[in-house]
Structure formats: structure tokens, C-alpha cells
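The values are calculated or read from the model by the stated rules, or taken from the named source; none is laboratory data. Predicted model only: the values in this text are computed from it and were never measured. As a convention, Cβ positions derive from the backbone with ideal geometry for all residues, glycine included, and neighbour counts pool all protein chains shown. Only protein heavy atoms, including side chains, enter the accessible area calculation; ligands, DNA and RNA are left aside. Shrake-Rupley method; radii C 1.70, N 1.55, O 1.52, S 1.80 Å.
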Amino acid sequence: MLKERKELVNLRSIYETSLKAETKKILVCAGTGCISSGSLEIYDRLTEILKEQNIPCSIELQEEPHGEAVGMKKSGCHGFCEMGPLVRIEPQGYLYTKVKLTDCEEIIEKTIKEGKHIEHLAYQKGGTIHKKQEEIPFYKKQTRLVLDHCGHIDATSIKEYLGIGGYTAFEKALFDMNGDDIINEITESNLRGRGGGGFPAGRKWSQVKRQKTEQKYIVCNGDEGDPGAFMDRSIMEGDPHRMLEGMMIAGLACGASEGYIYVRAEYPMAVSRLRTAIAQAEELGLLGDHILGTDFSFHLHINRGAGAFVCGEGSALTASIEGNRGMPRVKPPRTVEHGLFDMPTVLNNVETFANVPLIINNGSDWYKGIGPEKSAGTKAFALTGNIENTGLIEVPMGTTLREVIFDVGGGMRDGGEFKAVQIGGPSGGCLTKEQLDLPLDFDSLKKAGAMIGSGGLVVMDSNTCMVEVARFFMNFTQNESCGKCVPCREGTKRMLEILERIVEGKGEDGDIELLLELADTISATALCGLGKTAALPVISTIKNFREEYEAHIYEKRCPAGSCQKLKKIHIDEALCKGCSKCSKACPVSAISGKIKEPFVIDQTKCIKCQACISTCPFHAIMED
């Protein structure tokens, strides 16, 4: 156990030397996405081959390395999830994509032994082979700061984190700064909460620090409930110590001795990595009582959420940690005054805390130099939908939507036409092609009627029905409503019912106006922030795509051709031979006719099951 500062400095130097001694490294992505594709089996097979061929390999970083051992690493998420399993080879920087078990021997023989590149495992686009990870357009256009270590170090090793300079920010804060110094640095950096609200972190910390209570808490929100969002998960899985370091610095700044990490139960890998990281830090004496011989004590605990979306809201989250049902409460008082166990509480999300060590080490001026002054730094986004490159990205705040979609994302998939992007999940709104040059920062998005949220970006092409998008997100929000307040509990239910009628072709005159009226009421009267923003997807889709709503309601037609109930199946008389197979296959007797004469479909009975289409031997039945 480390008892003073110089022991930490010496240990860090030892591990830095050990890392440099590993002249060859194989980093197998052990993020959730790649694990589901079999990356752990690939890791085991590569390790097995090295041992079979008597090639020295190091599974764990050694304090006294012997010879030129190949470092075998289970890294965090590389971000390019759709190309997994991913394997990075150093020192060359080669990134191999969609690696199979059968590729393992070739990787050892050609790359590890001979240093040669394997072209068929490299990322290829437009005939160009990208050998190195940094050359791939998906990575080249990013600025990875918070995600910098993910994919480059062993995600389960505090030794490697120390070897790349880990806990230097905490060391600096502990010995060279006081609470006011830390808070001033965070305030000057203009770091804003990355959980969606964008509240200035320094202001929140200072409010907690000035509270006159003996006990204060630091709470990390790792719930991340937005559909398709996995930024926080990747940080917790791939670089857990950086997040812990940020929480420790916050505790030091505010005078808190206890911290809680609230992680959704659907993230078992993140929970496991965090538990390992906490145990490692405790073993070294970086967590616990009288850290490094000082008066500062800090303990960390993990709470697993039950999967309720509403527990992403601050007061619901703290209630859940306390063992109560996760439901928001009326404010004020705010969490900074009466939070966890009724004590002053700093509540930030994973990405926010992961930024803190960077700011302490590099200074607020450096951080403000990235992105717009009022929305400084970078932002991680989960890029999904009808786009060429999906995965986890990180770009400077203020990067335009066009740059994210067409430079980092590689443009629309299969040559599709960009239509819209849903940003901010169920609490956000949609942006259209007229807003492609809109900078992605807190203030610009708010003016456009959207929000960053936790960072989900769902890209949609011309085949996407925007009414169905609104229905999908409203269905999610309605299911996740805690039910405490009437506007959210009942209002979202009524909005969902209207949207369901519209996509089924049963929309009525006045439905659009009623949706907007309900949205206005819910936004004005709901108890918590989640309820107040629940109607944003509906408001933004009506604002930008009102004609699609009108086509559904008045023409009983889906312009995108995706609403099943509004599709029409018809029989081409010129192709129909009157064999009656379609009539026999129809489960609702909607098809009638005479043998050897064209059959017809009764549209009032047809349930669009398509059984007739698959049955017809003459391809006379089609859908439009």
C-alpha cells in the first residue's frame, strides 16, 4: 500500500518503463460489442498460439519485464463496433477488422513474427486499404480525448493506467491544490455536464462545497438509458480508472468522503470492470482512509439500477440508491443542497467525470481551446442508423452535423438520401438537412429545439417515416414514465394513442393540433426534466415534417412507404393467371375471384400479412 507521494511517483515510473519494454502488443477489443462477436475467444486463441510457439507473452504488466515479451491486452471499446471483432497491433498501429478464429495463426506468423501487414484483415473503402487505425477516415476525423485510452491499454489494469500517467491529476490536486483551486480550474474550463442538461460543473461543485454539513457525496450517473446510447458504458468498460480519478478529485474539491456510482443492471461488464478498478485502487491505497498519508479519505460504492429510464433523473437516481422507488421529487431543494441521504451531493455523469483529470493536468485554458468557449471540450456520440460507419465517436463541441455524418460517419448507407437525425434520444428532437451545418453544442441545439442529451445520434434516410419515429420514442417514454405526475403518466399515454391511430391509417382531422396542445401542457406541468422533454420528438417532427402527418391523416398514405397498415397490396391483372393459390393462403379471406380469371383483394379486409405475395407463382401480387 502506497503511503506517500514519492511512492506513487516511483511506482508510476516503474510501470511506464514496463510498458515501453513491451515492444510488441496485441490489443483485442474486449468491449461489449466485440465480445458478443467472439473477441474473447480470439484473445484466448492468440495467447494459446504464442505459448505453443514459445513466444514470450505478458498477460499482465510486469514490474521487472524479461526480454521482449508480446503484451496481450484486453482493451476497451475501439469505437468502430460494426467492424468487430477488432485487433490492434503495436508498434505498427495496424487495426485488423472482423477478425475470425481462423485468422489468429496468420496474425502471429505474419505480423508478430515478421512485422508484415495482412491486407485482407484491414479496413478497405473504395479500393483503398487503410493499414493503420489513425488513417481510417472514421478515426482520422475525430478528436479522442476522453476515449483516448479506450482500445490502447488493458482496460482491467491499474498498472497500465499508472504507466501512461494515470492518477497524476489526482496527485496534483491532492498535494498542490486546495478545494478552491480545483473548483476554479473546473469553472474556468467551462466544463458542462455531459449527461444532457449542460449545467456548468464548476458551479455545481462550488454550490456543494459551500454547504455547511459534515457529510457530502459524489454521485456518478452511469445509468445511460437512451436507446442506442453507449458512451458512458464504453468509458466504464474501457477506462474505468479515469472516471474514478475524476470522482476522487471532485470529492477532494467539495470535501466529500463518500462516492456512489449508479450503473444500470444491463451493463454487467461495466460493473465488473468498475469493481476491479475500485479494488485495485484500494489495494494501492489510492482509495480508503488517509490516502497517501494525507487527511483525505474517500470510499467508492457501486449501485446497480433496475433499468428504469427515469432513474437517469437526479432525484430519482438518489432515491434509488437509498433503496426507495426511483421517482423524481419536486424541486427546490436541489440535489446540491439536499441530495443523497438528504446531504449535499455532486451528481455528474461518467463522461463529465472522465474530463476532469484532463483539465487538472492540462489546465483550463487548454480545455477552452477545444470547441466553442461556452461549450468547451469534446463530446462522445453513439452514431447509429442508416449511415456507413456506425459506432462510438468523439469530436470537438461545435463540430457540425454535416461533418459528423459525412466525414466521420462516411455518409448515408447504400447511397441513401439524408432525411433527418434524432439527437438526444427520447428527450431530444430531430434535425433536418436544412440544419446540417448546425454546430453540435449545448446552446445551438437548444435554439433549434433539440438537445445533446447523453449523446445518441440516430441517422435516418428518406425511407424513414417521421411519424413512426415520433411514435417509437413516445412509446418508449410512456413505458418508462414513473407515473408519479399526471401530465407525464396520462399525457404521454394520450399522445401515444393518437400517434398509433395515425400510423394505422385511422388519423382524424384535428389530431395534429391535439398533439401540440398535449405537448405544450406536458412540457409546462410535468414534475421532472424527463417529463418536460418527453414531447420533444413529436414537436420537432411536426415542425419539420408536418406534411407527413397530413398525408397519414388525410390521404391515408405513408410518404416513406414504411407504415405497414398504410401499405396496399394489389394484384396485377395482366400477370394473374387465376390459379387461386393466393386466395387459399389468405388468413382473412380478403381475396376472391374465379379460376382462370384475375383475382382481387378487398382492401377493407386485408391485414397486409404478405402471405399472398410469397404464395403467388407468377409474381402478380405486389405491395405499394
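From the list S589, S614, which one is of a type in the set (S, T, Y) and not in a loop (DSSP other than H, G, I, E, B)?
On inspection, the qualifying residue turns out to be S614.
Identify all residues within region 374-394 that are closer than 18 Å to G193 by Cβ and more than 10 Å from the chain's Cα centre (by Cα); write none if there are none.
If the condition is that a residue be closer than 18 Å to G193 by Cβ and more than 10 Å from the chain's Cα centre (by Cα), then K374, S375, A376, G377, T378, K379, E394 are the ones that fit.
On the given criteria, is D180 of a type in the set (D, E), at pLDDT below 95 and open to solvent by 10 Å² or more (accessible area, probe 1.4 Å)? Write out each step before concluding.
On the way: of a type in the set (D, E): yes; at pLDDT below 95: no; open to solvent by 10 Å² or more (accessible area, probe 1.4 Å): yes.
The answer is no for D180.
Mind listing whichever residues of region 402-416 are out of contact with any Asp or Glu (no Cβ under 7 Å at 6 or more places or on another chain) and at negative phi? If you could, list the steps in order and put the result at the bottom.
So in region 402-416, the residues out of contact with any Asp or Glu (no Cβ under 7 Å at 6 or more places or on another chain) come out as 403-408, 414-415.
E403, V404, I405, F406, D407, V408 - these are the residues of region 402-416 that are out of contact with any Asp or Glu (no Cβ under 7 Å at 6 or more places or on another chain) and at negative phi.
So is R144 open to solvent by 20 Å² or more (accessible area, probe 1.4 Å), among the basic types (K, R), at negative phi and in a loop (DSSP other than H, G, I, E, B) or not?
When the stated conditions are applied, R144 passes them.
For I89, indicate whether it is at pLDDT 95 or above, farther than 20 Å from S18 by Cα and either of a type in the set (D, E) or touching a helix residue (DSSP H, G or I) at 6+ places or on another chain (Cβ under 7 Å) (or both).
No.
Hey, among G255, G228, which residue is among the small types (G, A, S), farther than 14 Å from V350 by Cβ and at pLDDT 95 or above?
Unique residue meeting the criteria: G255.
Name the single residue, out of those in region 567-580 being crowded, with 16+ Cβ neighbours inside 10 Å and either under 47 Å from the mean Cα position of the chain (by Cα) or not in a loop (DSSP other than H, G, I, E, B) (or both), that is modelled with the highest pLDDT.
I571
If I ask for residues that are in a helix (DSSP H, G or I) and among the small types (G, A, S), which ones from region 190-217 would you list?
A201, G202, S206
May I ask you to list pairs of residues, at least six apart or on different chains, whose Cβ atoms are under 7 Å apart, with the first in region 359-373 being under 17 Å from K172 (Cα atoms) and the second being among the β-branched types (V, I, T) and open to solvent by 10 Å² or more (accessible area, probe 1.4 Å)?
Short answer, once both residue conditions are applied: N361/T168.
If you go through region 586-602 one residue at a time, do you hit one that is touching a Lys or Arg at 6+ places or on another chain (Cβ under 6 Å), surrounded by 13 or more Cβ atoms within 10 Å (Cβ to Cβ), closer than 23 Å to R557 by Cβ and of a type in the set (A, V, I, L, M, F, W, C)?
Yes, region 586-602 has at least one match.
In region 196-213, how many residues are touching a residue at least 60 places away in the same chain (Cβ under 8 Å), under 25 Å from G371 (Cα atoms) and open to solvent by 50 Å² or more (accessible area, probe 1.4 Å)?
Result for region 196-213: 1.
For region 435-445, indicate whether the set of residues that are open to solvent by less than 10 Å² (accessible area, probe 1.4 Å) and not in a loop (DSSP other than H, G, I, E, B) is non-empty.
yes
Quick check on region 262-307: of everything there that is out of contact with any helix residue (DSSP H, G or I) (no Cβ under 7 Å at 6 or more places or on another chain) and assigned to a loop (DSSP other than H, G, I, E, B), which residue is surrounded by the fewest Cβ atoms within 10 Å (Cβ to Cβ)?
D295
Identify, by number, the condition in (1) in a helix (DSSP H, G or I); (2) modelled with pLDDT of 95 or more; (3) open to solvent by 20 Å² or more (accessible area, probe 1.4 Å) that E134 doesn't meet.
(2)
Being open to solvent by 30 Å² or more (accessible area, probe 1.4 Å), in contact with a Pro (Cβ under 6 Å, 6 or more places away or on another chain), part of a helix (DSSP H, G or I) and farther than 14 Å from I539 by Cβ narrows it down to one residue among F472, F476; which is it?
Exactly one of F472, F476 is open to solvent by 30 Å² or more (accessible area, probe 1.4 Å), in contact with a Pro (Cβ under 6 Å, 6 or more places away or on another chain), part of a helix (DSSP H, G or I) and farther than 14 Å from I539 by Cβ, namely F476.
Would you mention how many residues in region 54-70 are assigned to a loop (DSSP other than H, G, I, E, B), closer than 17 Å to I153 by Cβ, at pLDDT 75 or above and not hydrophobic (A, V, I, L, M, F, W, C)? Outline the logic, then answer.
Step one: of region 54-70, the residues assigned to a loop (DSSP other than H, G, I, E, B) are 54-56, 59-69.
Adding the requirement that they be closer than 17 Å to I153 by Cβ leaves 59-63, 65, 69.
Adding the requirement that they be at pLDDT 75 or above leaves 59-63, 69.
When the remaining residues are screened for being not hydrophobic (A, V, I, L, M, F, W, C), the result is 60, 62-63.
Count: 3.
Restricted to region 316-326, and to residues that are at pLDDT 90 or above and open to solvent by less than 70 Å² (accessible area, probe 1.4 Å), which residue is nearest to G531 (Cα to Cα)?
Residue satisfying both the conditions and the ranking: A316.
Pairs under 8 Å by beta carbon, first residue in a helix (DSSP H, G or I) in region 161-189, partner of a type in the set (D, E, K, R) and open to solvent by less than 30 Å² (accessible area, probe 1.4 Å), six or more apart or different chains?
Y161/D239; Y161/R242; L162/R12; G163/R12; T168/R12; A169/E245; F170/E245
If we keep just the residues of region 147-160 that are open to solvent by less than 20 Å² (accessible area, probe 1.4 Å) and not in a helix (DSSP H, G or I), which is nearest to V87 (Cα to Cα)?
Result: G151.
Spot the failing condition for K125; the list is (1) surrounded by fewer than 16 Cβ atoms within 10 Å (Cβ to Cβ); (2) at pLDDT 95 or above; (3) touching a helix residue (DSSP H, G or I) at 6+ places or on another chain (Cβ under 9 Å); (4) more than 30 Å from A354 (Cα to Cα), and only one is missed.
So the condition that K125 fails would be (2).
Here's the yes/no breakdown for (1) more than 30 Å from D511 (Cβ to Cβ); (2) of a type in the set (S, T, N, Q):
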{"residue": "A524", "(1), (2)": "no, no"}
{"residue": "L530", "(1), (2)": "no, no"}
{"residue": "C558", "(1), (2)": "no, no"}
{"residue": "K565", "(1), (2)": "no, no"}
{"residue": "A585", "(1), (2)": "yes, no"}
{"residue": "P598", "(1), (2)": "yes, no"}
{"residue": "Q603", "(1), (2)": "no, yes"}
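What single numbered condition from (1) closer than 27 Å to P333 by Cβ; (2) part of a helix (DSSP H, G or I); (3) of a type outside the set (S, T, Y); (4) open to solvent by 40 Å² or more (accessible area, probe 1.4 Å) fails to hold for G246?
It fails just one condition, (4).
Among all residue pairs at least 6 apart or on different chains, which show Cβ distances below 9 Å where the first residue, located in region 214-243, is closer than 17 Å to T390 by Cβ and the second is assigned to a strand (DSSP E or B) and aromatic (F, W, Y)?
A229/F381; M231/F381
Between residues in region 287-308 that are among the hydroxyl-bearing types (S, T, Y) and residues that are loosely packed, with under 15 Cβ neighbours inside 10 Å, which pairs lie under 8 Å by C-beta distance while being six or more apart or on different chains?
Pairs found: T294/F175; S297/D289; S297/H290.
Among the residues of region 535-546, are any touching an Asp or Glu at 6+ places or on another chain (Cβ under 9 Å) and not in a helix (DSSP H, G or I)?
Yes, region 535-546 contains a residue that is touching an Asp or Glu at 6+ places or on another chain (Cβ under 9 Å) and not in a helix (DSSP H, G or I).
Which one is surrounded by the fewest Cβ atoms within 10 Å (Cβ to Cβ) among residues in region 497-532 that are over 30 Å from the mean Cα position of the chain (by Cα) and outside any helix (DSSP H, G or I)?
The residue in question is D509.
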